Amino acid sequence: MSLLDLPAFTTASPVLREAALKLRTTESTLTIAAPLDEHGMFASALLEAALLDAGIPYQRRLRENPTPANGPSIVIDSAPVSKLQSITTGPLCIHLAPLEVEALVASGGDSRRGLLSSVALAAALGNSIAPSGALSRLLMPWILAGNWLSEGLEHTYDPVYTVLRDYLSNEGHIRVVPMPEVPDVNPKSLSGIDAVALAAVRDRWGQLDLEGRAQSLSHLLKPLLDAELPSTARLEELGWHRVMAAGWERDLASQLSSFTKSWRDNPSGRRSQASDTIDCLLRTGQMP
């Protein structure tokens with residue numbers, strides 16, 4: 001199943017399919033113009049993976065305010081939109097921006113709306129360019145980075161994140177596991193957790209039945225329920241739904257927590273950090 005077949009991509013899929021077709025037939029070097037921030041970095045990495053898989057020449061341009069190049073360009077925008085811009089030609093220019101979508105319809109018929117990040121849109125475009133590409137598949141778990149790093153999960157349930165996570169799990173790109181099953185949890189990914197208590201739960205995890213595991217993990221997380229942050233929705237993800245991929249020792253949230261701390265602590269070094277991180281993702285599928 002393609003990402004573009006998910007209901008969350010219904011409004012974006014015509015533009016993305018057309019964009020993929022035009023990109024596969026372009027003869028000039030493509031420019032990826034992305035903002036110098038976390039979302040731009042991950043969007044660029046996912047696009048680069050697909051372009052490398054498809055043998056399409058490109059150059060990376062990370063700027064505070066990205067603008068189209070003189071030749072064919074993909075421009076990653078930051079401001080949310082209700083509809084993607086139409087593709088322009090002469091030269092080819094494709095704009096990707098966070099998109100307000102209907103993620104799913106609840107059993108009662110109510111629509112669950114959310115924001116489809118520019119990272120997820122870049123991944124969907126890449127998936128359409130090179131659906132079976134090895135690098136594209138390696139980086140698939142990072143589709144979740146855009147929604148994870150946004151503020152949506154700090155306030156309420158994020159239906160787009162849940163839809164994407166379940167898609168990746170069903171397609172075999174990730175495993176969703178409780179925190180004690182992650183070999184190397186970054187404690188800063190869940191501030192306030194008792195590291196000694198976590199180690200004790202992990203030590204006896206294999207001997208517990210489902211009910212025992214539920215009770216142990218609930219007891220471990222209980223002190224955090226009264227804290228302002230993380231939100232209940234994010235706490236549930238961090239406690240019960242950690243994202244792992246093949247060959248990973250650290251889950252997605254742990255890797256992102258380490259990265260964002262370094263990113264925020266060193267503003268002057270962000271350009272080199274972004275380039276190094278993209279290169280590492282393309283080599284290993286993981287953060288440095």
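The values are calculated or read from the model by the stated rules, or taken from the named source; none is laboratory data. Predicted model, so just to flag it, every value in this text is computed and none were measured. Positions of Cβ are generated from backbone atoms using ideal geometry, with glycine treated the same way; all protein chains shown enter the neighbour counts. In case anyone asks, the SASA skips ligands and DNA or RNA and just uses the protein heavy atoms, side chains included. Shrake-Rupley method; radii C 1.70, N 1.55, O 1.52, S 1.80 Å.
Surface calculation, 1.4 Å probe, protein heavy atoms: residue 60 sits at approximately 70 Å² accessible. Please name whichever of 128, 212, 152 sits farthest to the positive end of the charge dipole of the chain, dipole taken about the Cα centre and charges placed at Cβ: Lys and Arg +1, Asp and Glu -1. My answer, from the dipole projection, is 128. Determine the shape class of region 1-84: with a ≥ b ≥ c the square roots of the Cα gyration tensor eigenvalues, call it rounded for a/c under 1.5, and otherwise prolate if a/b is greater than b/c, oblate otherwise. Oblate shape, in that a/c is at least 1.5 and b/c is the bigger or equal ratio. Counted by Cβ distance under 15 Å from residue 42, the other residues give a net charge of -4, where Lys and Arg count +1 and Asp and Glu count -1.
Largest mean-square fluctuation among 211, 48, 151, in a Gaussian network model of the chain whose springs join Cα atoms under 10 Å apart, belongs to 211. Shown is the FRET efficiency for residue 113 and residue 218, computed with R0 = 41 Å from the Cβ-Cβ distance and rounded to the nearest 0.05: 0.85. Rounding to the nearest 10 and keeping the result within 0 to 90°, find how far the Cα-based axis of helix 252-265 lies from the longest principal axis of the chain. Helix 252-265 sits roughly 70 degrees off the main axis of the chain. Taking the Cα centre of the chain as origin and assigning +1 to Lys and Arg Cβ atoms and -1 to Asp and Glu Cβ atoms, the resulting dipole is close to 580 debye. Remark: region 58-186 projects, on average over all directions, an area of 10.7 nm² (convex hull of Cα atoms). When you filter the trypsin sites (Lys or Arg not before Pro) in region 82-162 for DSSP loop state and at most 16 other Cβ atoms inside 10 Å of their Cβ, you are left with 83. Using a cutoff of 8 angstrom between alpha carbon atoms and counting only pairs six or more residues apart, the relative contact order for region 93-158 works out to 26 percent. Quick check for you: which residues of region 2-39 have the amide N under 16 Å from the point 7 Å beyond the Cα of residue 266 toward its beta carbon? Backbone N within reach: 37-38. Heavy-atom surface analysis with a 1.4 Å probe gives the chain a carbon and sulfur content of 49 percent of its accessible area.
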